[in-house]
Amino acid sequence: MVVLGVETSCDETGLAILEFDKAGYATIKGEVLASQVTLHEKYGGVVPELASREHMRSLPVLCEELFAQTGLGLKDIDGIGVTCGPGLKGCLLMGITFAQGLALTRKIPVFPVNHIEGHILSGELHEKALKPPYVTLVVSGGHTEIVLVEGLGNYTCLCRTRDDAAGEAFDKSANLLELQYPGGARLAARADSSGPSKRFTVPRVSREMEDFSFSGLKTAVSLLIKRNRDEIFSSPEVFAEVCWAIQDGIVDPLVKKTSREVLSRKLPLVVCGGVSANSALRKRLSEKCSPVFFPPLKHCVDNGAMIGYVAGRYLTEGVLPPKIDIFSRWPVETLRDFYWANHG
């Protein structure tokens, strides 16, 4: 089975072609990705309407590029997986419309894919020996959650953020430090150039809570900068030290809560989503948990390969594609009923 994956949930347009064997193992035949960072940079964040228009322009161009790269064509595709949520509705609509148009010409199935499930299963895509049960830390965009994976479509959320996500905490703190968009990665790079901060700390409100909570961190960072503004912005060393303190304040509760769930269950750990590229998070979780798996850096960000992989897994299991819809919110624990009710 050959599956085309289409991802347009936010500001990356990603397509990939995967080939599945009878056992459900996948080989990535080719993939393409277009980022919109430059487009949104001057606005300091993603503008949904602009993002949607850019997806519309990029999709046909990237599809042609992918077919040329792989030597395959639409005639070789057996099914299409497309992100249907969670995400920005206009952006999702662009990907869904494009996928349905392609599928109509060949009368092949279009499978609606949950974006977060794509991140979760990216561990299995790259580690063929990895089998459920295992624990996943999802740190992607507006999502921060610890998920117990017991099988395809069988997920239990053990802990999730009740307000801001870790990625938002990075980005909002970076904005307060006047770092150029996308600021989260720039803040982390500055933090990595510093040793542990002896002067600056931010509260770890969610460390002892049942869930994650990062909304108070922005206020704490704002007050810290206000009290020490002249020193912070006049000294690169002090600036890096503040970045280290902020990063530590975000990473610490992630590591504590995740390692607690992993060690109590004695299960492998998969860390996925954009923040999983953070080197401090990778280092500390690798010290605490074993085995721990991280997707390649290019698959920490949104991409078409993870979407194609999810669709291919369900299709090889004989699951019939549910009706296509758009979900701005779509908790992964609801997928068992959504997908398996359509088992063929």
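The values are calculated or read from the model by the stated rules, or taken from the named source; none is laboratory data. Quick caveat, the model's predicted, so the values are computed rather than measured. Ideal geometry is used to build each Cβ from the backbone, glycine not excepted, and the neighbour counts take in all protein chains shown.
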Conditions first: (1) closer than 20 Å to A166 by Cα; (2) out of contact with any Gly (no Cβ under 7 Å at 6 or more places or on another chain); (3) touching a residue at least 12 places away in the same chain (Cβ under 8 Å). S286 passes all but one, so which condition is the exception? (3)
Just need a number here: residues in the range 82-102 that are closer than 21 Å to F327 by Cα, surrounded by fewer than 24 Cβ atoms within 10 Å (Cβ to Cβ) and in contact with a strand residue (DSSP E or B) (Cβ under 7 Å, 6 or more places away or on another chain). 4
Given the conditions (1) of a type in the set (G, A, S); (2) in contact (Cβ under 8 Å) with a residue 12 or more places away in the chain; (3) out of contact with any strand residue (DSSP E or B) (no Cβ under 6 Å at 6 or more places or on another chain), which single one is not true for G79? (3)
Tell me, which residue of the range 325-344 that is in contact (Cβ under 8 Å) with a residue 60 or more places away in the chain and part of a loop (DSSP other than H, G, I, E, B) is surrounded by the fewest Cβ atoms within 10 Å (Cβ to Cβ)? R329
From V110, V138, which residue is modelled with pLDDT of 95 or more, of a type in the set (V, I, T) and within 25 Å of F212 (Cα to Cα)? V138
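A quick yes/no check of all residues on (1) hydroxyl-bearing (S, T, Y); (2) in contact (Cβ under 8 Å) with a residue 60 or more places away in the chain; (3) in a strand (DSSP E or B); (4) touching a strand residue (DSSP E or B) at 6+ places or on another chain (Cβ under 8 Å):
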| position | (1), (2), (3), (4) |
| --- | --- |
| V147 | no, yes, yes, yes |
| L158 | no, yes, yes, yes |
| F170 | no, yes, no, no |
| G184 | no, yes, no, no |
| L187 | no, yes, no, no |
| T201 | yes, no, no, no |
| N228 | no, no, no, no |
Selection from the range 23-47 of residues closer than 17 Å to L125 by Cβ and at pLDDT below 95 yields A23, G24, Y25
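The rows are residues; the columns are (1) in a loop (DSSP other than H, G, I, E, B); (2) under 23 Å from the mean Cα position of the chain (by Cα); (3) not aliphatic (A, V, I, L, M).
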position	(1), (2), (3)
I232	no, no, no
E241	no, no, yes
G249	no, yes, yes
V270	no, yes, no
Taking the range 125-144 and keeping residues free of Cβ contacts under 8 Å to residues at least 24 places away in the same chain and either in a strand (DSSP E or B) or farther than 21 Å from D337 by Cβ (or both) leaves A129, K131
Screening E12, E64, E54 for residues that are surrounded by fewer than 19 Cβ atoms within 10 Å (Cβ to Cβ) and at pLDDT 95 or above leaves only E64
Residue selected from the range 278-324 under the condition more than 21 Å from E124 (Cβ to Cβ) and in a loop (DSSP other than H, G, I, E, B), by the criterion nearest to the chain's Cα centre (by Cα): N278
Has the range 84-106 got any residue that is part of a loop (DSSP other than H, G, I, E, B) and over 15 Å from the mean Cα position of the chain (by Cα)? no
Out of T38, T27, T13, I need the residue that is assigned to a helix (DSSP H, G or I) and not aromatic (F, W, Y). Which one? T38
Pair list, Cβ under 7 Å, 6 or more apart: the range 89-103 residue touching a residue at least 40 places away in the same chain (Cβ under 8 Å), other residue in a helix (DSSP H, G or I) and of a type in the set (A, V, I, L, M): C91/A51; M94/M56; M94/L59; F98/L59; L102/L74
So, first residue in the same structural domain as A311 (by TED's automatic domain parsing) and over 24 Å from K131 (Cβ atoms) in the range 14-34, second residue at pLDDT below 95 and not in a loop (DSSP other than H, G, I, E, B), Cβ within less than 8 Å, six or more apart or across chains; the pairs are L33/K298
Considering only residues that are among the small types (G, A, S) and either loosely packed, with under 15 Cβ neighbours inside 10 Å or under 22 Å from the mean Cα position of the chain (by Cα) (or both), which ones fall in the range 192-219? S193, G195, S206, S213, S215
Looking at T105, is it surrounded by 19 or more Cβ atoms within 10 Å (Cβ to Cβ) and either among the polar types (S, T, N, Q) or within 11 Å of L15 (Cα to Cα) (or both)? no
